[in-house]
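Okay, structure first, notes after.
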Ligand code: AMP
Ligand code: MG
């Protein structure tokens, strides 16, 4: 049993990214952080320049050719947006930019402005050309936002980089998106222990610990980025039909899966679907596991073969009725 670990951290993507390895490997850590930087530079919409911003700035004017990796991520985002019958919509950018939730100048916009921006969020108006790897936003003012899937995609790439360096055990935390490789020899049980935050806890308290081996653990929650105005909570996952934050019974959705991109997609899709529809889907897809935290302080665990949940906060009641 190895009891020592080696932690490497950097501030990237607006969060602290930490990589924990069981053996020291500065070269692998360096490669990981450089790769994350490179992908962030391509995918971000929080700066004036990136491949995605080049597409957004050319909206209504001309198609923009992007790199293979960005094109393939956009292709997947469009598939999910068009064919999943969910609230997932990668053309949501104009609304994200209007509300600015998570930034200092956030606001509750007027109904009129929300309606105007909604007209610019139809994913059918994004034209992809697989031959030239180009992306064209048909209307001026349209914006792609990959915030719901970028970290998941990046986590999967990090895994490949680590494997290139013959690193097969470790854990990477991209701020809400955690990916574990292999078994952990830090814990007697061989599991990696991933904390699940207690929603809205100011002191970083945990609701529980999710124990996994070689899995991704991704959480979408209304407590990640939000503000309160006139006693109403506004959070960062929007209903693309109304232009307002989604309103349902959920505080958070955590997905335990092999691929982190898949986990990131489903965490947002399930948040939009709500518990009942997500549960039906999960019953047919046993390879995906989920933990739902409800506003009524219930924790629902589904498809528990892939993880162990250790409850820490007694304010919540666990229900496995749904299994
Ligand atoms: P996540 O935490 O993975 O659920 O992603 C939330 C982020 O996705 C937000 O901060 C926005 O950048 C973006 N987003 C917000 N609403 C949606 C939506 N309905 N569909 C897709 N992406 C969204
Ligand atoms: Mg997501």
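Read-outs: derived from the displayed coordinates by stated rules, not from any lab. Please read all numbers here as calculations on a predicted model, not as lab measurements. Virtual Cβ from ideal backbone geometry, glycine too; neighbours counted across all protein chains shown.
Annotations
- Within the listed set 144, 92, 300, the Gaussian network model of the chain (springs between alpha-carbon atoms below 10 Å) gives the highest mean-square fluctuation for 300.
- Rg ratio (alpha-carbon, reference 2.2 N^0.38 Å) - region 1-155: 1.21
- Placing a label point 7 Å from the Cα of residue 317 along the Cα-to-Cβ direction, the residues of region 199-233 whose backbone N falls under 20 Å of that point are 199, 207-208.
- Comparing 41, 156, 305 in a Gaussian network model of the chain, where Cα atoms under 10 Å apart are tied by springs, the biggest mean-square fluctuation is seen for 305.
- Peptides 54-62, 246-254 ranked from most to least packed give 246-254, 54-62, packing being the mean of other C-beta atoms within 10 angstrom over each peptide's residues.
- Point-to-point label distance, residue 119-residue 47, nm (Cα→Cβ direction, 7 Å offset): 3.4
- Value of D in µm² per second that Stokes-Einstein yields for the chain, Kirkwood Rh from Cα pairs, at 10 °C (1.306 mPa s): 78
- With both labels modelled 7 Å from their Cα along Cα-to-Cβ, the residue 166 to residue 310 distance reads 3.3 nm.
- Mean shadow area of region 1-80 over all directions, Cα convex hull, nm²: 7.6
- Over region 144-267, the Kirkwood radius and the radius of gyration, each from Cα atoms, give a ratio Rg/Rh of 1.02.
- Ordering of 63-73, 165-175 by packing is 165-175, 63-73, highest average first (other Cβ atoms within 10 Å, averaged per residue).
- Estimated FRET transfer efficiency when R0 is 25 angstrom, pair residue 202-residue 248 (beta carbons, to 0.05): 0.55
- Hydrodynamic analysis of region 272-319 uses the Kirkwood radius over alpha carbon pairs. Inserted into Stokes-Einstein at 37 °C and 0.692 mPa s, it gives a translational diffusion coefficient of 286 µm²/s.
- Förster-model FRET efficiency, 25 Å R0, residue 129 and residue 18, C-beta, rounded to 0.05: 0.05
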